[in-house]
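Participant: Structure below; questions to follow.
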Amino acid sequence: MNQGINEMNQHFVFQTADPACIRHAGPDLEKLSQHYPMAGSQREAEAAQQRRLRVLTKAGRRNCKKLAEKLQACRNDKPCGSAACAHCQRERYLGQLAISLPMMSASLGYACVELVFSEDTAIRHPWRDMTQSRQQICRYKQRISRTLRRLGLTDPVIGTFSLLRHRFNGEEESTFWLPRLRLLLPDNRNLLKGLGAHMTRGVMESAETGRIIPVRRLPARGMARSLGLVLDPEEYVTACRTDEATGTLKTGVPELLKGSTLARSLVMMDNMGFGKLTFRCGVLPQKSAAIHG
């Protein structure tokens, strides 16, 4: 018994002396993670989980405390399934990787693409109206699905919706959020061109935001890294400015949210759930055959 616990100590970090409470993916998925560092280790997931718990607890709001309790209660035999849970995020990625890797690797190639929806007014405080945000995502799902089918798509496509917080000149009062969808889809020139033409229609341009670039291809080496990018539900903040010559919105390298903004973001992610945030089109299995052992 002690030998088994010592072996687990070498691979896992946990806040309990009870091995049954150690949160990790199933044996097959943990073996898979050793070959794909993009998934992160159990230790990294637990460290991220503890940071989130501290942020939620410090925020002090009732919904934050409730989410913290939900994440703390996440167990292997009864995972919380929250989109805000670091362990469930990791397990979702590994499960999808196990399914998608052989299927997508057999194709002619996939591309990682980011769509930015800017025809609606930029959002100042997205957490104030969750219902509106959910309805907005549903509209985007239907719209992009119709467009992909119209363009003749038959291969599987997967992606995740999130919000990107834009901050002008580091000023809090000038921040706004824009919804985005990261997709992993066939690397087909006509498909990408047609999707780009569709997204360009109705692009928002104002003195507040400048002209938004609605489609861009994300640099990613390998299917595992690409899948990691498109399955990430976390929300980020980026510094931005308007290019005086072109009027285009220029953004910097996105950074993870912090403090009370992160706490609100986690509550939003939990409220939406993986089901709402995930985009699927085409035939692609949703669950791995073996999750926990």
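Participant: Give all pairs with beta carbons closer than 6 Å in which a residue from the range 127-150 that is within 22 Å of residue 113 (Cβ to Cβ) meets a residue that is among the acidic types (Asp, Glu); count only pairs at least 6 apart in sequence or on separate chains.
Facilitator: none
Participant: Tell me whether the range 203-211 contains one or more residues that are at pLDDT 90 or above and either assigned to a strand (DSSP E or B) or surrounded by 12 or more Cβ atoms within 10 Å (Cβ to Cβ) (or both).
Facilitator: Going through the range 203-211, the residues at pLDDT 90 or above turn out to be none.
No: the range 203-211 contains no residue that is at pLDDT 90 or above and either assigned to a strand (DSSP E or B) or surrounded by 12 or more Cβ atoms within 10 Å (Cβ to Cβ) (or both).
Participant: Does the range 192-199 contain any residue that is closer than 16 Å to residue 150 by Cβ, at pLDDT below 90 and either among the β-branched types (Val, Ile, Thr) or not in a helix (DSSP H, G or I) (or both)?
Facilitator: No, the conditions are met nowhere in the range 192-199.
Participant: Additional query: I'd like to know if the range 235-249 contains one or more residues that are at pLDDT 75 or above, closer than 20 Å to residue 161 by Cα and under 21 Å from the mean Cα position of the chain (by Cα). Talk me through it step by step, then tell me what you get.
Facilitator: Pass one, the range 235-249, residues at pLDDT 75 or above: 235.
Retained after the next criterion (residues that are closer than 20 Å to residue 161 by Cα): 235.
If we keep only those that are under 21 Å from the mean Cα position of the chain (by Cα) too, we end up with 235.
Checked the range 235-249: at least one residue is at pLDDT 75 or above, closer than 20 Å to residue 161 by Cα and under 21 Å from the mean Cα position of the chain (by Cα).
Participant: Considering only residues of the range 62-94 that are touching a residue at least 12 places away in the same chain (Cβ under 8 Å) and small (Gly, Ala, Ser), which is farthest from residue 31 (Cα to Cα)?
Facilitator: Looking only at the range 62-94, we keep the residues that are touching a residue at least 12 places away in the same chain (Cβ under 8 Å), and these are 63-64, 67-68, 70-72, 74-77, 79, 81-94.
Still in the list and also small (Gly, Ala, Ser): 68, 81-84, 86.
Numbers: 68: 29, 81: 21, 82: 23, 83: 23, 84: 24, 86: 18 Å.
If we take residues in the range 62-94 being touching a residue at least 12 places away in the same chain (Cβ under 8 Å) and small (Gly, Ala, Ser), then 68 is farthest from residue 31 (Cα to Cα).
Participant: Of everything in the range 38-61 that's among the basic types (Lys, Arg) and touching a residue at least 40 places away in the same chain (Cβ under 8 Å), which residue is nearest to residue 270 (Cα to Cα)?
Facilitator: My answer is 52.
Participant: Related question: Select from the range 41-90 the residues that are of a type in the set (Asp, Glu) and either crowded, with 18+ Cβ neighbours inside 10 Å or not in a loop (DSSP other than H, G, I, E, B) (or both) and list them in ascending order. Steps first, please.
Facilitator: Taking the range 41-90 and keeping what is of a type in the set (Asp, Glu), we get 44, 46, 69, 77.
Passing the criteria: 44, 46, 69.
The values are calculated or read from the model by the stated rules, or taken from the named source; none is laboratory data. Keep in mind it's a predicted model, so treat the numbers as computed, not measured. Here the Cβ is made from the backbone with ideal geometry for all residues, glycine too, and neighbour counts use every protein chain on show.
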